[in-house]
1. Being open to solvent by less than 90 Å² (accessible area, probe 1.4 Å) and at pLDDT below 70, is that true of even one residue in segment 8-19?
2. Name the one entry in Val24, Val28, Val38 that is surrounded by 10 or more Cβ atoms within 10 Å (Cβ to Cβ) and at pLDDT below 65.
Amino acid sequence: EKTDNIGFLIAVSELVERFKLDGVVWGVGRGSACASLVLYLLFVHDINPIRYEISFSELSKEMHGD
């Protein structure tokens, strides 16, 4: 909630689920998305950041408006 990512994570999770159902090939992402434990636990990607000791701190940064 603090980082305002919940809506985004839900949308991405639903999109990936639809891709899987339709047999669409999709990538694992890049940057902080690949390092995100949340996205791994939602089955958005298959990279376990704990197993590979990848920091997922980028996703937890607060968003600041201009």
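The values are calculated or read from the model by the stated rules, or taken from the named source; none is laboratory data. Please read all numbers here as calculations on a predicted model, not as lab measurements. No Cβ is skipped: glycine too gets one built from the backbone with ideal geometry, and neighbour counts run over all protein chains shown. Protein only, heavy atoms only, side chains kept; ligands, DNA and RNA dropped before computing areas. Shrake-Rupley method; radii C 1.70, N 1.55, O 1.52, S 1.80 Å.
1. Looking through segment 8-19, none of the residues is open to solvent by less than 90 Å² (accessible area, probe 1.4 Å) and at pLDDT below 70.
2. Result of the check over Val24, Val28, Val38: Val28.
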